[in-house]
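All of the numbers you see were taken from the coordinates with simple rules; none came from a lab. The structure presented is a predicted model; accordingly, all values stated were derived computationally and were not measured. Every residue, glycine among them, receives a Cβ derived from its backbone with ideal geometry; neighbour counts consider all protein chains shown.
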Amino acid sequence: MSTAVSDAARPGAPTGATELALPKQRGYWGNVGYRLRYDPVTLCFGGLLLLIILAAIFSPWLAPFDPYQESIIRRLKPPGFQGRYWLGTDELGRDMLSRLLYGGRITLTMGIVPVFIATLIGGGLGVVAGFAGGVVNMIIMRVTDVFYAFPSVLLAVAISGAMGGGAGNGMIALTLVFIPPLCRVAETATSQVRNLDFVDAARATGAPLRLVLWHHVLGNVLGPVLIYASSLVSVGIILASGLSFLGLGVKPPEPDWGLMLNALRQAIYVSPLVCAMPGIAILLTSISMNMVSDGLRSAMDVRS
């Protein structure tokens, strides 16, 4: 009885159609990108958010008119006026499209920069509190609890008002508002990771503390913190617009969506469509950011 060996099984035999192709292995971030690629809702709103950000960045080249140029003759004209003012004009005759484009730069900056700074500070404090535990954890988290005693809107208004308003003071106020929740999220995630087996194994091998934190703790804490921080961007945009609406943020004549809402509210019965445009811009940006954040949360959830 012959024991013939097939060509595909012989050592050195050329690979052919009989060889089974192994499935491509993807890492964690590869799986995140794969899930996002097949999430049409996240991609749709992500594209809209990207367009808003690009329009704000390139507003000096996209704006058809000077956003500060006033004209009493052109006050509160409807969209399409003279075929040049596509979104109409505001209460001082300034082009609404130009002011919306320039206003996006200020509003997005006041929404993103405080969240970024608060993520660095609050996330760092949360990791230290969660990993150290004991007295260090108690001190950091009790100070955080003090800020939790006040609603975020009231706290932002109080801090910005005490500092005298302005864009810079508004961003400082929003940063102080966002540090406590980010610290809490980072502390909770770190406390869960601290006692896991792979962290104990790294300690047992004598690895330096900084390497344990960098390679084993931060890698597992970064995901939840980034997801929560992305959801705070939309909150930051709304709070920044609210501060400007109340006169505690950007000062006139700078274009800002919240400030534009405040200036146009008296003309809502004369030109309601023009008055609603800054609010529509805030709404679209906030919804897009929330949907992208929700898509990131689903894509980065390893249990799914």
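In sequence order, the range 37-44 has phi-based couplings of 5, 10, 10, x, 5, 5, 5, 5 Hz under the Karplus curve 6.51 cos²θ - 1.76 cosθ + 1.60, θ = phi - 60°, and Gly or Pro positions carry x.
Our helix-only sum for the chain, with -39,500 (n - 2.57) per DSSP H run of n ≥ 4 divided by its residues, gives a mean residue ellipticity at 222 nm of -22000 deg cm²/dmol.
To make sure I understand, if each residue's beta carbon is the centre and we count other beta carbons within 10 Å, what order do SER98, SER298, SER286 fall in, fewest to most? Could you put the intermediate results ahead of the total?
Values: SER98 24, SER298 15, SER286 18.
Taking fewest neighbouring Cβ atoms as first place, the list is SER298, SER286, SER98.
Once the C-beta distance of SER71 and ALA158 is scaled by a Förster radius of 51 Å, the resulting FRET efficiency is 0.85 to the nearest 0.05.
To the nearest 10 degrees, how steeply does helix 167-194 sit against the main Cα axis of the chain, on a 0 to 90 scale? With both axes taken from Cα atoms, the answer is about 20 degrees.
Projecting label points 7 angstrom from Cα along Cα→Cβ for ILE57 and ARG37 puts them 2.3 nm apart. Between amide H atoms placed 1.01 Å from N, distances below 5 Å from PHE65 occur with SER98, all of them 5 or more places distant or on a separate chain. Over all Cα atoms in the chain, the spread is summed up by Rg and Dmax: 26.4, 104 Å.
Under a Cβ-only charge scheme (Lys and Arg +1, Asp and Glu -1), can you give me the dipole magnitude of the chain about the Cα centre, in debye to the nearest 20? Could you put the intermediate results ahead of the total?
Values: 21 positive and 16 negative charges, 20 e Å.
With only Lys, Arg, Asp and Glu charged at Cβ, the dipole is about 100 debye.
Against the chain, whose longest principal axis comes from its Cα atoms, helix 272-299 is set at around 10 degrees. Full extension of the segment from LEU50 to HIS215, taken as 0.36 nm per residue of separation minus the current Cα-Cα distance, would add 56.2 nm.
Amide H to amide H, with H built 1.01 Å from N, THR89 comes under 5 Å of LEU76, LYS77, MET96, counting only residues 5 or more places away or on other chains.
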